[in-house]
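**Student:** My questions all concern the structure below.
FYI, it's all coordinate maths here, none of it is from the lab. Note that the structure is a prediction, hence the values are computed from the model and not measured. Every residue, glycine among them, receives a Cβ derived from its backbone with ideal geometry; neighbour counts consider all protein chains shown.
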Amino acid sequence: MNRVDQVFADLKAAGKKALVPYITGGDPKPGVTVDLMHTLVENGADVIELGVPFSDPMADGPTIQLACERALEHNTSLRDVLGMVKTFREKDANTPVVLMGYLNPIEVMGYQTFAEEAVKVGLDGVLIVDMPPEEADDMAAILKEKDLKAIFLLAPTTPEKRAQKICDHGTGYLYYVSVKGVTGSAALDVADVKANLDRIRQKTDLPLGVGFGIKDGETAAAVAEVADAVIVGSALVKCIERSPEDTAAIQKELAAIMSDMRKAMDS
């Protein structure tokens, strides 16, 4: 069983919800990422979304755009990020890792080569922001062959017919974007999120994760009431932005935020 499926099954049996943090691979520098990943797990992460830095991250707000810039200053590549997953697996064989990013670096590597390398390093799934399900058949077939999850985004504005197509193509879990806009958006209406998740659940049995607008224990707990997973990115990446030269300070702040969210979600 893929690690993503196993984690969600275990959490459901325990009556808990998944906490899914995002950080950008190579931010603030490549040698730090794996330590940060372990810090996230030690403080409550169930799945890690690891960003592949890209020069034109069009779905991301300023915080993650800057994270990509910091990583690219060190020429962090897709192969480098896959190497980080391999190193992470030396100490953690169980926590699922999902790569999140844009199609171009994968196309340059080649779908088949990417999937083979992903399996070798212990990756569990991929969320390609700019690959819609209508154009994903070739990639999805290769991922399925390798038991890698293909995770797709759903938004408040997604029409019903297209939402069904996304649900049919998705595996592992679905990522519901809680607000209109780019990553880092602040407004979060949990009642509206619940209404949309209820609508999506009529189309799929996949776990539903919610991201955008989650910044602390209070918002994480509120979303955990209605979703299967709470996805947090910008609030964590800002910790790196505040102390890019001080790894210990980053780890301390990440630990505090993650612990706060985990306790609030479980209470």
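**Student:** Please find, among 240, 250, the residue that is in contact (Cβ under 8 Å) with a residue 40 or more places away in the chain, touching an Asp or Glu at 6+ places or on another chain (Cβ under 7 Å), assigned to a helix (DSSP H, G or I) and under 28 Å from residue 53 (Cα atoms). Write out each step before concluding.
**Tutor:** Numbers: 250 fails: touching an Asp or Glu at 6+ places or on another chain (Cβ under 7 Å).
After applying the criteria, what remains is 240.
**Student:** Of the residues in the stretch 13-38, how many are touching a residue at least 12 places away in the same chain (Cβ under 8 Å), more than 20 Å from residue 241 (Cα to Cα) and more than 14 Å from the chain's Cα centre (by Cα)?
**Tutor:** Start the filter on the stretch 13-38 by keeping residues that are touching a residue at least 12 places away in the same chain (Cβ under 8 Å), which leaves 16-30, 32-38.
Okay, now just the ones that are also more than 20 Å from residue 241 (Cα to Cα), so 16-19.
After this cut, where a residue has to be more than 14 Å from the chain's Cα centre (by Cα) as well, the list is 16-17.
Of the residues in the stretch 13-38, 2 are touching a residue at least 12 places away in the same chain (Cβ under 8 Å), more than 20 Å from residue 241 (Cα to Cα) and more than 14 Å from the chain's Cα centre (by Cα).
**Student:** Further, regarding this structure: Would a scan of the stretch 150-159 turn up a residue that is in contact with a Phe, Trp or Tyr (Cβ under 8 Å, 6 or more places away or on another chain) and within 22 Å of residue 83 (Cα to Cα)?
**Tutor:** Yes, the conditions are met somewhere in the stretch 150-159.
**Student:** For the stretch 100-136: of the residues being aromatic (Phe, Trp, Tyr) and within 26 Å of residue 90 (Cα to Cα), which is surrounded by the fewest Cβ atoms within 10 Å (Cβ to Cβ)? If you could, list the steps in order and put the result at the bottom.
**Tutor:** Going residue by residue through the stretch 100-136, those that are aromatic (Phe, Trp, Tyr) are 102, 111, 114.
Narrowing further to those that are within 26 Å of residue 90 (Cα to Cα): 111, 114.
Working: 111: 16, 114: 25.
Out of the qualifying residues, it is 111.
**Student:** Hey, does the stretch 182-195 have a residue that's part of a helix (DSSP H, G or I), crowded, with 20+ Cβ neighbours inside 10 Å and in contact with a Leu (Cβ under 8 Å, 6 or more places away or on another chain)?
**Tutor:** Applying the first criterion (part of a helix (DSSP H, G or I)) to the stretch 182-195 yields 190-195.
Cutting the leftovers down to crowded, with 20+ Cβ neighbours inside 10 Å gives us 193.
Narrowing further to those that are in contact with a Leu (Cβ under 8 Å, 6 or more places away or on another chain): none.
No.
**Student:** Sticking with this one: Return the only residue of 43, 75, 94 being farther than 26 Å from residue 177 by Cα, surrounded by fewer than 24 Cβ atoms within 10 Å (Cβ to Cβ) and in contact (Cβ under 8 Å) with a residue 60 or more places away in the chain. Write out each step before concluding.
**Tutor:** Working: 43 fails: farther than 26 Å from residue 177 by Cα; 75 fails: in contact (Cβ under 8 Å) with a residue 60 or more places away in the chain.
None of the other options fit; the residue is 94.
**Student:** Do the conditions hold for residue 87, that is, is it of a type in the set (S, T, N, Q), in contact with an Asp or Glu (Cβ under 8 Å, 6 or more places away or on another chain) and not in a loop (DSSP other than H, G, I, E, B)? Outline the logic, then answer.
**Tutor:** Values: of a type in the set (S, T, N, Q): yes; in contact with an Asp or Glu (Cβ under 8 Å, 6 or more places away or on another chain): no; not in a loop (DSSP other than H, G, I, E, B): yes.
No.
**Student:** Quick check on my filter: what residues within the stretch 127-180 are hydroxyl-bearing (Ser, Thr, Tyr) and either more than 25 Å from residue 215 (Cβ to Cβ) or in contact (Cβ under 8 Å) with a residue 24 or more places away in the chain (or both)?
**Tutor:** Going residue by residue through the stretch 127-180, those that are hydroxyl-bearing (Ser, Thr, Tyr) are 157-158, 171, 173, 175-176, 178.
Those that are hydroxyl-bearing (Ser, Thr, Tyr) and either more than 25 Å from residue 215 (Cβ to Cβ) or in contact (Cβ under 8 Å) with a residue 24 or more places away in the chain (or both): 171, 173, 175, 176, 178.
**Student:** What is the one condition in (1) touching a helix residue (DSSP H, G or I) at 6+ places or on another chain (Cβ under 6 Å); (2) farther than 23 Å from residue 100 by Cα; (3) part of a helix (DSSP H, G or I) that residue 226 does not satisfy?
**Tutor:** (3)
**Student:** So, one more: What about residue 154, is it crowded, with 18+ Cβ neighbours inside 10 Å and farther than 22 Å from residue 57 by Cα? Before you say what the answer is, go through the steps one by one.
**Tutor:** On the way: crowded, with 18+ Cβ neighbours inside 10 Å: yes; farther than 22 Å from residue 57 by Cα: no.
Here the answer is no, as residue 154 does not meet what is asked.
**Student:** For residues that are out of contact with any strand residue (DSSP E or B) (no Cβ under 9 Å at 6 or more places or on another chain) and hydrophobic (A, V, I, L, M, F, W, C), scanning just the stretch 51-72, find the one that is surrounded by the most Cβ atoms within 10 Å (Cβ to Cβ).
**Tutor:** Step one: of the stretch 51-72, the residues out of contact with any strand residue (DSSP E or B) (no Cβ under 9 Å at 6 or more places or on another chain) are 55-56, 58, 61-63, 65-66, 69, 72.
After this cut, where a residue has to be hydrophobic (A, V, I, L, M, F, W, C) as well, the list is 58, 66, 72.
Details: 58: 10, 66: 19, 72: 16.
If we take residues in the stretch 51-72 being out of contact with any strand residue (DSSP E or B) (no Cβ under 9 Å at 6 or more places or on another chain) and hydrophobic (A, V, I, L, M, F, W, C), then 66 is surrounded by the most Cβ atoms within 10 Å (Cβ to Cβ).
Let's see how each residue does on (1) in contact with a Pro (Cβ under 8 Å, 6 or more places away or on another chain); (2) within 26 Å of residue 261 (Cα to Cα); (3) among the hydroxyl-bearing types (Ser, Thr, Tyr):
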| position | (1), (2), (3) |
| --- | --- |
| 4 | yes, yes, no |
| 15 | no, yes, no |
| 28 | yes, yes, no |
| 44 | no, yes, no |
| 48 | yes, yes, no |
| 75 | no, no, no |
| 92 | no, yes, no |
